[in-house]
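The values are calculated or read from the model by the stated rules, or taken from the named source; none is laboratory data. These figures come from a predicted structure and were not determined experimentally. So basically every Cβ, Gly included, is an ideal-geometry build from the backbone, and we count neighbours across all protein chains shown. With ligands, DNA and RNA removed, areas are computed over all heavy atoms of the protein, side chains included. Shrake-Rupley method; radii C 1.70, N 1.55, O 1.52, S 1.80 Å.
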Amino acid sequence: MPVVPVISASGGAGKTTLSLLLAYVLVKHVGVDPKRVLLIDLDPTAGLTLRVFGDEAYDEMCKRRRTLYHMDLDSKVKNVRVEDYVSYPGRFAEALSNVAVLPPGEDDGGDLRSRVEDWFKYGDREALVHLLDRAGAFSQYDYVIIDTAPFFDVKYTVAAAVASKRVVVPLRPTITDITRTKRMVSALRNHNLDIDPVFIFNFDKDKHVTEAATLVSLNFKVPAAKRVNPNPKLREHIAELENYGNVVKSAIVYRKEISDAVFPRESPSERNEIAVCGPVVELFKALRINAPECPDYEED
């Protein structure tokens, strides 16, 4: 049963969008039963949950105690079942309507942050894994995708990364992002985590023109990248990243219909869906997850 932690060294790298896309491609192109896919929002700010459900629905989940935070609290006094704490987007998100989502959770007594602090205060960095196991998540779901908070607080990254040797790391093709990512991987390994990172570039090719051209010069697939001179220094940093893990040679480029809040509330157009499917399938191959080839399309 694949567990896919999605982590990043910097904020805004596209973890939430990529987590949603992983679930979407599994359901739409791989043919996985959506009710066998679990999305975990391991970020106290609830970015994924709010994007899928909106404020009012998330507030209702918290009141009804259908969250990760409440599942962890309840597990201290009774046996818990993950199905009692997940929610299905339904009408809130057409593209992922039947995929299970486990929100972070909060109430007047605390939030997910307080639970994570306790996990590490008492030296249990595998607390999330143990909780999910006891709640039956690993037997009930074929795929568990964990969206995390940025590495600025290492606890969330570690809590997710201990669940699987293979972790997905989205990043922008900039010297800053690559440098931070290498530091993150080194730090995690210094925490005795045996991780096998899979890196995938996710960015706006129209804003990062030189960066896109640099990737193309290294034989990355970047649709409709403009022909400008690559950055030699950036080339060196991208090449060195391969010493830290597997680098997917097909980049995800920004598309408003998929990268903004409208997804997954509406299914993307076929053209945009196919454009994103290709690099996600390449990512699946790097993760050793069975995936089909995506249909071809012509880029403007």
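Annotations
- The slack in the chain from Asp260 to Arg235, taken as 0.36 nm per residue of separation less the alpha-carbon distance, amounts to 6.1 nm.
- Note on Asp33 and Ile175: their simple-model spin labels are 5.2 nm apart, each label 7 Å out from Cα toward Cβ.
- Taking all protein chains into account, the per residue accessible area for the chain stands at 44 Å² (1.4 Å probe).
- Exposed loop sites are taken as GluC sites (Glu not before Pro) in a DSSP loop (any state but H, G, I, E or B) with at most 16 other beta carbon atoms within 10 Å; the longest stretch of the chain without one runs 1-125.
- The chain - percent of accessible surface contributed by carbon and sulfur, probe 1.4 Å: 44
- Average projection, convex hull of the Cα set of the stretch 36-80: 3.7 square nanometres.
- The stretch 195-286: C-alpha gyration tensor shape, a/c 1.5 cut-off, then a/b vs b/c: oblate
- Theoretical gain in end-to-end length, Glu242 to Leu218 [0.36 nm per residue, Cα-Cα removed]: 7.4 nm
- When the Gaussian network model of the chain links Cα atoms closer than 10 Å, the mean-square fluctuations of Thr16, Thr148, Thr214 top out at Thr214.
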